[in-house]
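For reference, the structure discussed in these notes is given below.
The values are calculated or read from the model by the stated rules, or taken from the named source; none is laboratory data. Small disclaimer: the values here were computed from a predicted structure and weren't measured. All Cβ positions, even for glycine, are placed from backbone atoms using ideal geometry, and neighbour counts span all protein chains on display. Calculation scope for accessible area: heavy atoms of the full protein, side chains included, ligands and nucleic acids excluded. Shrake-Rupley method; radii C 1.70, N 1.55, O 1.52, S 1.80 Å.
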Amino acid sequence: MGLSHVIDSIIEENYEAIVKSIPFKDILIDLRIKRILTDVEVNQLNLHNKSHKDTGFKVIEILKARTDVDFFQFCNVLKSSTIKHVQLLGRRLENTANEKGQAQGDTIVPENIEDPNSDASAIDIDEMLRNLPKNLESDYILREEFNNTICEQLRQIDQFGGHILVYGMPGCGKSVAVCQAVRQLIVEENYFKSDGCHWIKIGDVSEQKLLSRLRALATEIGVENTQSILSLTEINSKIKKFFQGKYHIKNTKKSNRLFIFDDIWNQDYFKHLTFTKKSIVTSRFNNIKNKNTYVCIPAP
């Protein structure tokens, strides 16, 4: 079927901007969800294209063999990006298509295409905020600088991956502040849209209790045969390998989930929570092993 002449010409006119400004490797899953790409195409793009530009070249080649509806879905993926210039490019491509299409009586945004910012395509917030406590208004912390520091580091983690440690004395408001920041970014700013977050209370627990919680987590995300796992080292390795199955769409999506490990009392437990590429931890300790893997934020 292919693209209309109008849409094909718009892609050609904006070819350089599309290839150079879009982090294609980061949006492959979104393009698969919108059915612009197939599972096979995503796997091939991951395996054989080393740079964003190489991937972009192949994605455009595929897009030009699709329909106008797919082009507008592509624009919506760009508009829902957390990167400002990518959002603007998505809007510009869509607006140009509308203007040229209306002028030629040819193409406008199809009625069945949902705007990523509209209520019709809103993400189920409860699904995105797994176990995240609902702060009462009286719980909210008005330490703006502290909140802004956490939010800024979380924005970086959403884009590049990484780990945050928020530390301080018991009762200083670490957990409330983290909860507040995570909720703000997901609900109000549309960060971590790939798979949201997952809040896990650690506290003062035995190794067996922690193992039980991590088994439950592993089962929830799709790891099989978790009940036969008998050690924290093994469960950590099992989940990590599951997430590293990067050529499987569901695994890749879940590996982008932000994990919040709240209130770690035992410093030895940090080494058993390395399976995720995006995490934020609250603890009274900051002299942990491998401290250099964390961005450390002291509570006021």
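Here are some notes:
- Scanning region 274-292 for residues that are modelled with pLDDT of 90 or more and out of contact with any Lys or Arg (no Cβ under 9 Å at 6 or more places or on another chain) yields Lys277, Ser279, Ile280, Val281.
- Matching residues in region 1-25 - criterion: being under 22 Å from His48 (Cα atoms) and touching a residue at least 24 places away in the same chain (Cβ under 8 Å): Tyr15, Ile18, Val19, Lys20, Ser21, Ile22, Pro23, Phe24, Lys25
- Lys209 being at pLDDT 85 or above, among the basic types (Lys, Arg), within 22 Å of Asp158 (Cβ to Cβ) and in a helix (DSSP H, G or I): no
- Taking region 6-37 as the range and being under 14 Å from Cys75 (Cα atoms) and among the small types (Gly, Ala, Ser) as the test, the residues that pass are Ala17, Ser21.
- Pairs, first over 18 Å from Leu129 (Cβ atoms) in region 195-219, second among the polar types (S, T, N, Q) and outside any strand (DSSP E or B), C-beta under 7 Å, six or more apart: Arg215/Thr226; Arg215/Gln227; Ala218/Thr226; Thr219/Thr226
- If you go through region 204-213 and pick out every residue that is in contact with a Lys or Arg (Cβ under 9 Å, 6 or more places away or on another chain) and either open to solvent by less than 20 Å² (accessible area, probe 1.4 Å) or not charged (D, E, K, R) (or both), you end up with 1.
- Any hit, region 17-24, residues being in contact with a Phe, Trp or Tyr (Cβ under 6 Å, 6 or more places away or on another chain), assigned to a helix (DSSP H, G or I) and open to solvent by 50 Å² or more (accessible area, probe 1.4 Å): no
- Taken over region 66-88, the criterion of being among the β-branched types (Val, Ile, Thr), free of Cβ contacts under 8 Å to residues at least 60 places away in the same chain and open to solvent by 20 Å² or more (accessible area, probe 1.4 Å) is satisfied by Val69 alone.
- Of everything in region 244-271 that is at pLDDT 85 or above and over 16 Å from His163 (Cα atoms), the residue that is least open to solvent (accessible area, probe 1.4 Å) is Asn266.
- Count of residues meeting criterion [touching a residue at least 12 places away in the same chain (Cβ under 8 Å) and part of a loop (DSSP other than H, G, I, E, B)] in region 26-44: 4
- Residues that are among the hydrophobic types (A, V, I, L, M, F, W, C) and under 18 Å from the mean Cα position of the chain (by Cα) were ranked within region 177-190; the one that is most open to solvent (accessible area, probe 1.4 Å) is Val187.
- Matching residues in region 272-290 - criterion: being farther than 20 Å from Cys172 by Cα, surrounded by fewer than 19 Cβ atoms within 10 Å (Cβ to Cβ) and in contact (Cβ under 8 Å) with a residue 24 or more places away in the chain: Thr274, Lys277
- Output for region 32-63, where each listed residue is open to solvent by 80 Å² or more (accessible area, probe 1.4 Å) and more than 16 Å from Ile11 (Cβ to Cβ): Ile33, Arg35, Val40, Gln44, Leu47, His48, Lys50
- Out of Lys241, Lys134, Lys174, Lys193, one residue alone is among the basic types (Lys, Arg), closer than 23 Å to Ile264 by Cα and surrounded by 12 or more Cβ atoms within 10 Å (Cβ to Cβ). It is Lys174.
- The residue that is nearest to Asp26 (Cα to Cα), counting only those in region 77-108 that are acidic (Asp, Glu) and at pLDDT 80 or above, is Glu94.
- Matching residues, region 75-84, being in contact with a helix residue (DSSP H, G or I) (Cβ under 6 Å, 6 or more places away or on another chain) and not basic (Lys, Arg): Cys75, Val77, Leu78, Ser81
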